[in-house]
Amino acid sequence: MERAMTAAPAGPEAAEHKAPNYVAVWAALAVLTMVELAVVYMGLPRHVMILALVFLALWKAMLVALYFMHLRFEPKRLLYVVLAPLPLALILVIAVMHGFRK
Amino acid sequence: MTARAEAVRAAGGEGTAPAAHAASGPPGGVGIYTQKLGMWVFLASEVMFFTALIGSYIILRWGAGNPWPDTRAVLNIPTTAVNTFILICSSVSMVKAYAAAVRDDQKHLKRWLLTTVVGGAIFVGVQVREYIKLVHHGFLPSSGLFGATFYTMTGFHGFHVTCGVISMAWVTIRAFRGKYKGGNYHGIETIGLYWHFVDLVWIILFTIVYLV
């Protein structure tokens, strides 16, 4: 019986960690969305605005991935699966961009 | 008795761990149950798919020196901002449904799943309404590069949301039939991952297509 129990790591793997405060993440996402709108209508120089917006969007995306998709609490080997396409994505964009250069 | 049956019995007998975990299959090769690993591999391919679309947009707009209209003059930013917020809210209700499924709280599981389906449906509805308005104003997929890229990206995202709403409606029906009882949260977690991914893509799209 003991062997069977150790052979069942699929047990409460997701329930092991304490559930994050989802409402706090939600509030952060709401506030960041409002900050984005403020940045758009504030009349900043264009490149400053773009930089700020991209930063805010990536911040929001990270919050969703880390807490809602609970990547923060996943084993490293799952992170490798998740992160694998990112370098490929970068190569794709750079390669296509290179093709557009005259 | 097989090792798996023993594991099910052990988990059930303990009374602490949700019994149905082991019933939905042994963990995959990396120690993550198969449906979840499968969903993550699928999402990895989705990352590539949306990178192709978003990357093309970035290159066409900034890398190739094409003239571009003022997106804020064409698109309705306030309505879409509210719609973005609705999608974020539906992500929160999804994660609440997952938490309810983990602690085997059937009442809240059903309630939060319904909220998520309604949120997703509202998002699609508002997008369709925006499309109709834009078409009436003469902004079409044939209206230059911006029209083409706008409808391609938001259209594919809307298609993903629609698929999500349909799948989630099915999951909700299953929840009402008691298929996720006894801490059997795997189905909820898997559809949740897809739903959060669609939300994540929209966060990027909203910024890069509407705001910038």
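The values are calculated or read from the model by the stated rules, or taken from the named source; none is laboratory data. The structure displayed is predicted, hence computed values, not measured ones. Neighbour counts run over all protein chains shown; Cβ positions are idealised from the backbone, glycine included.
Okay, here's what the table says:
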| read-out | value |
| --- | --- |
| B:Thr80 being facing chain A (nearest Cβ under 7 Å) and part of a helix (DSSP H, G or I) | no |
| Residue within the range A:41-61 that is touching a Lys or Arg at 6+ places or on another chain (Cβ under 7 Å) and either part of a helix (DSSP H, G or I) or of a type in the set (Asp, Glu) (or both) present | no |
| Filter result (hydrophobic (A, V, I, L, M, F, W, C) and modelled with pLDDT of 90 or more) within the range B:69-94 | B:Val74, B:Leu75, B:Ile77, B:Ala81, B:Val82, B:Phe85, B:Ile86, B:Leu87, B:Ile88, B:Cys89, B:Val92, B:Met94 |
| Filter result (farther than 24 Å from B:Ile86 by Cα and in contact with a helix residue (DSSP H, G or I) (Cβ under 9 Å, 6 or more places away or on another chain)) within the range B:107-145 | B:His137, B:Phe139, B:Leu140, B:Pro141, B:Ser142, B:Ser143, B:Leu145 |
| The range B:161-184, residues that are crowded, with 18+ Cβ neighbours inside 10 Å and either at positive phi or assigned to a helix (DSSP H, G or I) (or both) | B:Val161, B:Gly164, B:Val165, B:Met168, B:Val171, B:Thr172, B:Ala175, B:Gly183 |
| Qualifying residue in the range B:193-210 (condition: under 18 Å from B:Val117 (Cα atoms) and of a type in the set (Ser, Thr, Tyr)) | yes |
| Condition broken by B:Gly125, with the remaining ones in (1) buried (at least 17 other Cβ atoms within 10 Å of the Cβ); (2) in a helix (DSSP H, G or I) satisfied | (1) |
| Answer from B:Phe150, B:Phe139, B:Phe146 - the residue that is over 22 Å from B:Phe50 (Cα atoms), in contact (Cβ under 8 Å) with a residue 12 or more places away in the chain and either in contact with a Ser or Thr (Cβ under 9 Å, 6 or more places away or on another chain) or assigned by TED's automatic domain parsing to the domain that holds B:Gly187 (or both) | B:Phe139 |
| Residues satisfying the stated conditions in the range A:25-45, i.e. aromatic (Phe, Trp, Tyr) and within 15 Å of A:Lys60 (Cβ to Cβ) | A:Trp26 |
| Test: residue in the range B:69-76 that is assigned to a helix (DSSP H, G or I) and aliphatic (A, V, I, L, M) | yes |
| Residue identified as over 23 Å from A:Val35 (Cβ atoms), touching a Leu at 6+ places or on another chain (Cβ under 8 Å), in a helix (DSSP H, G or I) and within 11 Å of another protein chain (Cβ to nearest Cβ) among B:Leu60, B:Leu134 | B:Leu60 |
| Unique match (being part of a helix (DSSP H, G or I), basic (Lys, Arg), surrounded by fewer than 15 Cβ atoms within 10 Å (Cβ to Cβ) and within 9 Å of chain B (Cβ to nearest Cβ)) among A:Arg72, A:Arg77 | A:Arg77 |
| Residue that is surrounded by the fewest Cβ atoms within 10 Å (Cβ to Cβ), among those in the range B:94-115 that are without any contact (Cβ under 8 Å) to a residue 24 or more places away in the chain and part of a helix (DSSP H, G or I) | B:Lys107 |
| Test result for A:Ala14, at pLDDT below 95 and under 27 Å from A:Leu86 (Cα atoms) | yes |
| Residue count for the range B:29-55, restricted to those that are at the interface with chain A (Cβ under 7 Å from one of its Cβ atoms) and touching a residue at least 60 places away in the same chain (Cβ under 8 Å) | 2 |
